[in-house]
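**Student:** Submitted below is the structure of interest, expressed as structure tokens.
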Amino acid sequence: MSKIVILTGAGISAESGLGTFRDEGGLWAQHRIEDVATPEGFARDPDLVHDFYNARRQQAATAQPNAAHIALARLERDYAGDVVIVTQNVDSLHEAAGSTAVLHMHGRLNSALCYGCGHRWDAPPEMGLGTPCPACGAAKTRPDVVWFGEIPYFMEEIAHHLAAATVFASIGTSGQVYPAANFVQEARAFGAATVELNLEPSEISRAFDTRRFGPATEVVPDWVHSLLA
Ligand SMILES: [Zn+2]
């Protein structure tokens, strides 16, 4: 049974209009990462952090999946083997495109998390620290996203997928954020063929067997077409 494991990063959502903290301009440029994307920043000023994620949630709500997201959904639907997406993105564009096997290792904008009891629920468009937890009633609501200094979600499950992968693809990732930057090595160690699809060579480009460079909306549909041919 062949199994394709696909890691996606900000580069696949860029052409849907969602910027990242490396882009100039946009939401991230107005803030320091340590203020809006760390547990310490949240402890200092939870209102600022909630405002930032409320704005990102509203921006993501208007974004549409692009040809790359749609091609990966088609791959899951039409490929004879197993297809799993591990995404670093907190948007829901893979799901909007029709993918169903998606692991959000850095959490989701559309999810709320209670610091008190660990309960998760669908995030309202606007939320704050005082938004009560539906399970325990505590006013300790935070965005259900993984911040710098926190452990990503699904690490054990991801390790199992990487060990079973016959193909590992990295799409639109910088290769600078760990532990995701190590996935190519893990998949290779277990015998997977590895491919990087990115706008330009990443920091870890040489770790891949093959590389395809260009906009995600071009290289991803081409790659999917070659797999299904
Ligand atoms: Zn709670």
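**Student:** Mind counting the residues in region 95-105 that are within 12 Å of Leu72 (Cα to Cα) and either within 16 Å of the ligand (Cβ to nearest atom) or in contact with a Ser or Thr (Cβ under 7 Å, 6 or more places away or on another chain) (or both)?
**Tutor:** Of the residues in that region, 1 qualify.
**Student:** Any idea which of Leu93, Leu113 is at pLDDT 95 or above and under 17 Å from Asp51 (Cα atoms)?
**Tutor:** Unique residue meeting the criteria: Leu113.
**Student:** Next question. How many residues does region 36-75 contain that are aliphatic (A, V, I, L, M) and within 16 Å of Glu95 (Cβ to Cβ)?
**Tutor:** Residues meeting the conditions: 9.
**Student:** Which residue out of Ala165, Ala96, Ala180, Ala101 is touching a Pro at 6+ places or on another chain (Cβ under 6 Å) and under 22 Å from Val219 (Cβ atoms)?
**Tutor:** Ala96
**Student:** Within region 145-185, which residues are polar (S, T, N, Q) and crowded, with 21+ Cβ neighbours inside 10 Å?
**Tutor:** Ser170, Thr173 - these are the residues of region 145-185 that are polar (S, T, N, Q) and crowded, with 21+ Cβ neighbours inside 10 Å.
**Student:** Anything in region 106-165 that is part of a loop (DSSP other than H, G, I, E, B), over 19 Å from Phe42 (Cα atoms) and within 14 Å of the ligand (Cβ to nearest atom)? List them, or say none.
**Tutor:** Pro134, Ala135, Cys136, Gly137
The values are calculated or read from the model by the stated rules, or taken from the named source; none is laboratory data. All figures in this text were calculated on a predicted structure; none of them were measured in a lab. Cβ coordinates were reconstructed from backbone atoms using ideal geometry, including for glycine residues, and neighbour counts include every protein chain displayed.
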